[in-house]
Amino acid sequence: MNYKDYFKAKKIAIVGLGPHGEMVADIKFLLRNRADISLFDMRSEKRFKDIISDLNESGLVNYTFGDVPASRLAEAQLIIISPEISRNSNFLKIAQEAGVQIEYPDTLFMRLAPPVTLIGVIGACGKSTVAHLIYNMLKRSFIDYEDQGLFFIDPDSTNGALTHLRKIKKGDVLIVRIPEHLLEYYHQMRISPHVAVITSLTSLEIQELKSAFKILEFQTYNNFIVAPDEVIDILKSKALFVPKAKMLRTHGKTIQNSPDFNINGFHDRENAALAIQTSELFKVSSDISHGVVRNFIGLRGRIELVKRISGIEYYNDATSTTPRSTLMALRKLSTNKNIILIFGGAYTGYDYSELIKNIPQYVSTVILLPGSGTLGIRNDIDELSEVKCVQALNLEDAVGKARENARRGDVILFSPGFDAVGVDISRKERGEKFVKIVRGF
């Protein structure tokens, strides 16, 4: 059955528009393919007034804001949930018990797409940067290939995952940034990347890591794993899995600190090395791959330099929701403990002990934001005798206190390491708020 027949007249419940309307493109795609769509979102309709007006013009009639009624979801034939929503949400339980199919846009795309060459970018942090680098390298090279297409799926993109079903064909190359919470679903679908790019390991316990790397179970001897030295050494020493694929090591030192390159931190060199190594598998010339790295200016909200004021640099790393990603930012930016770290937020379930142990090496002052996650680590931060700890009421207060504690040559880094607080704010929005505050100085 092709995707048009699959969607035609199917009763589909969409849960969540995405933090910034990331689901809009896919909703329009489903409406064009005559699906019977009902949209649900916990947030207020006022927040999405313009988006709803646009969707109304595309044919959306049924939508509910402020509530996601479990009984109505159970009446659907298919539920598609926004990437930030957990499949363990209470409002999905009745539908799960009723056997209703529940999918993320990415996983549904993979079920319906023809056989393709899959490049899967996985890891605790750096996935977006590496995936974008690979895509830009291959895009420049694939101009010469008329019979092979290149596609990129990123859960944070507003382009939609399902929309690619219109053009993708057998044998095309697909790059996918795979968040940790989707790894098990790829395994359930018996899908392993033909090229698995592992950026970094998580802070999960070994048993949980074994479970995460089940996604590589269906690789063959013709497939590849591309990862830094550190990652491959840990994978082998901990026996997390028995790889069938060829393992290719990379090291950040292979990317030299040159004025030609827009990178100066070891973490960025690691990301560049991963992308270049992967591009070589697709016969991308070094002129193209190195040119992409030279011109890469980074992604918003990912160790993004916002402004320099009176000798103080302000960085937005608002997409950081793990201790590992915050630690990577500290390692990149710190010089002689010159970091003022704005940190904290909603509970994530990660182990923060390694980050907290390393904070004194890089940070002079921690400004703690409110949130359920912050409550769990506040005492541990307070016990760091070499680090000043300041409690903030909100982000505006945090930036103000960071500025009060900073001196010329310091770096104020907003790298929360936790999820955003509240249903009405997203990771991207808190970053935009930080940028607005700083640019208002």
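The values are calculated or read from the model by the stated rules, or taken from the named source; none is laboratory data. These numbers were taken from a predicted model, which means no experiment stands behind them. Every residue, glycine as well, gets a Cβ built from its backbone with ideal geometry; the counts of neighbours run over all protein chains shown.
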_Qualifying residue in segment 299-308 (condition: crowded, with 21+ Cβ neighbours inside 10 Å, farther than 30 Å from residue 150 by Cβ and in the same structural domain as residue 358 (by TED's automatic domain parsing))_ = no
*What's the number of the condition residue 189 fails, among (1) of a type outside the set (Asp, Glu); (2) modelled with pLDDT of 90 or more; (3) closer than 16 Å to residue 132 by Cβ?*
(3)
*Of the residues 340, 381, 359, which is more than 24 Å from residue 122 (Cα to Cα) and in contact (Cβ under 8 Å) with a residue 60 or more places away in the chain?*
340
*Would you mind stating whether residue 199 is modelled with pLDDT of 70 or more and within 23 Å of residue 351 (Cβ to Cβ)?*
yes
*Identify the single condition in (1) closer than 25 Å to residue 268 by Cβ; (2) at pLDDT below 95; (3) under 25 Å from the mean Cα position of the chain (by Cα) that residue 359 does not satisfy, given that it satisfies every other one.*
(2)
_Count of segment 249-295 residues which are acidic (Asp, Glu), buried (at least 21 other Cβ atoms within 10 Å of the Cβ) and at pLDDT 85 or above_ = 1
*Filter the strands (runs of 3 or more DSSP E) completely within segment 21-134 down to those with at least 2 residues that are within 20 Å of residue 162 (Cα to Cα) and modelled with pLDDT of 95 or more.*
36-41, 78-81, 101-103, 117-122
*Can you spot a residue in segment 315-333 that is surrounded by fewer than 18 Cβ atoms within 10 Å (Cβ to Cβ), in contact (Cβ under 8 Å) with a residue 40 or more places away in the chain, closer than 27 Å to residue 180 by Cβ and in the same structural domain as residue 390 (by TED's automatic domain parsing)?*
yes
*Which residues, counting only those in segment 369-410, are of a type in the set (Ser, Thr, Tyr), within 25 Å of residue 349 (Cα to Cα) and surrounded by fewer than 16 Cβ atoms within 10 Å (Cβ to Cβ)?*
372
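Considering only segment 19-39, state which residues are at positive phi and more than 24 Å from the chain's Cα centre (by Cα). Please lay out each step first, then the result.
Taking segment 19-39 first, the residues at positive phi are 21, 34.
Matches in segment 19-39: 34 only.
With 403, 378 as the choices, which residue is charged (D, E, K, R), in the same structural domain as residue 322 (by TED's automatic domain parsing) and closer than 18 Å to residue 338 by Cβ?
403
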*Residue list for segment 40-72, filter: within 22 Å of residue 94 (Cβ to Cβ), over 27 Å from the mean Cα position of the chain (by Cα) and not charged (D, E, K, R)*: 62, 63, 64, 69, 70, 71
*Any idea which of (1) surrounded by fewer than 21 Cβ atoms within 10 Å (Cβ to Cβ); (2) at pLDDT below 95; (3) in contact with a helix residue (DSSP H, G or I) (Cβ under 7 Å, 6 or more places away or on another chain) is the one residue 422 doesn't satisfy?*
(3)
*Check segment 40-47 and report whether any residue there is surrounded by fewer than 19 Cβ atoms within 10 Å (Cβ to Cβ) and in contact with a Lys or Arg (Cβ under 8 Å, 6 or more places away or on another chain).*
no
*Report the residue count in segment 1-20 for those that are more than 21 Å from residue 427 (Cβ to Cβ) and not in a strand (DSSP E or B).*
10
*Hits in segment 31-74 - residues which are hydroxyl-bearing (Ser, Thr, Tyr) and in contact with a Leu (Cβ under 6 Å, 6 or more places away or on another chain)*: 58, 63
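Right, residue 122: of a type outside the set (D, E, K, R), within 21 Å of the chain's Cα centre (by Cα), buried (at least 20 other Cβ atoms within 10 Å of the Cβ) and not assigned by TED's automatic domain parsing to the domain that holds residue 196 or not?
It is false that residue 122 is of a type outside the set (D, E, K, R), within 21 Å of the chain's Cα centre (by Cα), buried (at least 20 other Cβ atoms within 10 Å of the Cβ) and not assigned by TED's automatic domain parsing to the domain that holds residue 196.
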*Within segment 129-146, restricting attention to residues that are touching a residue at least 12 places away in the same chain (Cβ under 8 Å) and surrounded by fewer than 21 Cβ atoms within 10 Å (Cβ to Cβ), which residue is farthest from residue 51 (Cα to Cα)?*
141
*When you scan segment 234-248, how many residues do you find that are surrounded by fewer than 18 Cβ atoms within 10 Å (Cβ to Cβ), at pLDDT 85 or above and either touching a His at 6+ places or on another chain (Cβ under 9 Å) or of a type outside the set (Lys, Arg) (or both)?*
2
*What about residue 117, is it in contact (Cβ under 8 Å) with a residue 60 or more places away in the chain, within 28 Å of residue 298 (Cα to Cα) and out of contact with any helix residue (DSSP H, G or I) (no Cβ under 9 Å at 6 or more places or on another chain)?*
yes
